[in-house]
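What follows is a short report on a single structure.
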Amino acid sequence: MLPEGVAIDPLTGAVTPNTGEYTKRLSEFRGIYRDQKAFDALLGMAGDLVTYRVVEYRAENSDIFFGTTTMMPGRVGDEYFMTRGHYHARRDRGEIYYTQSGEGMLVLQSRDGQTREVAMKPGICAFIPPDWAHRSVNTGKTPLVFTWCCGQDAGHDYDEIAAKGMRTLVIAENEVSVCIPNPKYVT
Ligand code: F6R
Ligand code: ZN
């Protein structure tokens, strides 16, 4: 393992060199947005859009790794494009999200029912404590690019958020983003 300077493009999220990437598309989010009609209409009209891309830099045997998430702007009904959202598989692993361009909202919840939101804008580094679920939402009109860093052993636990959603929704109300309690959230 050797030190290395890794270039991160704050506008595109390109990571050079990188060790892997994946993209998520709209069709993978069926049932996650609350307005099913709007979802079907958008998918029919715009096709299977890429909603975000994740690129990582991972040194073998290192404790930490990092990368970028680049989220496209867009909405399904009144809900902005968002990530799946997850807890870490290891409950003692936190993370940071450092926003580099665009604007968004980081929505967080703890296992015991607390909720928090951290505004994402260039220069703000969000601290995600261990065992807080986190989902990012692009509330702007341009790509939202952030650099994240966490333990390689943190892992992802998507099941609970996939089944229940999150306690807080970020929606557009008169073209302004607001956070509201999710009326469908069942404790
Ligand atoms: C890693 C992490 C980010 C997210 C990425 C996509 O722990 O939090 O790299 O994985 O922003 O979000 P999800 O994984 O929730 O679809
Ligand atoms: Zn995470």
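Annotations for the structure displayed:
- Accessible surface computed residue by residue for the stretch 7-181, with neighbouring protein chains in place and a 1.4 Å probe, gives 48 Å² per residue.
- Remark on Arg58: its backbone amide H falls under 5 Å from those of Thr19, a criterion applied only to residues 5 or more positions apart or on other chains, H modelled at 1.01 Å from N.
- Positive-pole candidate from Val178, Leu144, Gly123, dipole of the stretch 37-187, charges at beta carbon: Val178
- Sequentially through the stretch 152-159, phi angles give Karplus couplings (6.51, -1.76, 1.60; θ = phi - 60°) of 5, 8, 4, x, 10, 10, 8, 4 Hz, Gly and Pro residues having no value and appearing as x.
- What the Cα atoms of the chain give is an Rg and a Dmax of 16.2, 51 Å.
- The residues neighbouring Asp9, those whose beta-carbon lies less than 14 Å from its own, together hold a net charge of 0 under the Lys/Arg +1, Asp/Glu -1 convention.
- Taking the chain as a Gaussian network of alpha-carbon nodes connected by springs under 10 Å, the highest mean-square fluctuation of the residues Ala163, Ala172, Ala14 belongs to Ala163.
- Candidates Val145, Val176, Val107: whichever shows maximal mean-square fluctuation once the chain is modelled as a Gaussian network with Cα springs under 10 Å: Val176
- Across the accessible surface of the stretch 1-120, with the other protein chains kept in place and a 1.4 Å probe, carbon and sulfur atoms take up 52 percent.
- Amide H contacts of Met120: Gly104, Met105, Leu106, each under 5 Å away and 5 or more positions distant or on a separate chain (H built 1.01 Å from N in the peptide plane; Pro and chain starts excluded).
- Each Lys and Arg adds +1 at its Cβ and each Asp and Glu adds -1 at its Cβ; summed about the Cα centre, the chain shows a dipole of about 420 debye.
- Between amide H atoms placed 1.01 Å from N, distances below 5 Å from Phe81 occur with Gly74, Arg75, Val76, Asn138, all of them 5 or more places distant or on a separate chain.
- All other residues whose Cβ lies under 12 angstrom from that of Val145 are scored, Lys and Arg at +1 and Asp and Glu at -1, for a net of 0.
- Positive-pole candidate from Phe29, Gln109, Met71, dipole of the stretch 23-131, charges at beta carbon: Phe29
The values are calculated or read from the model by the stated rules, or taken from the named source; none is laboratory data. Just so we're clear, the structure is a prediction, and the values are computed from it rather than from any experiment. Note that we place each Cβ from the backbone using ideal geometry, even for glycine, and neighbour counts take in every protein chain shown. Quick note on the areas: whole protein, heavy atoms, side chains included, nothing else; ligands and nucleic acids left out. Shrake-Rupley method; radii C 1.70, N 1.55, O 1.52, S 1.80 Å.
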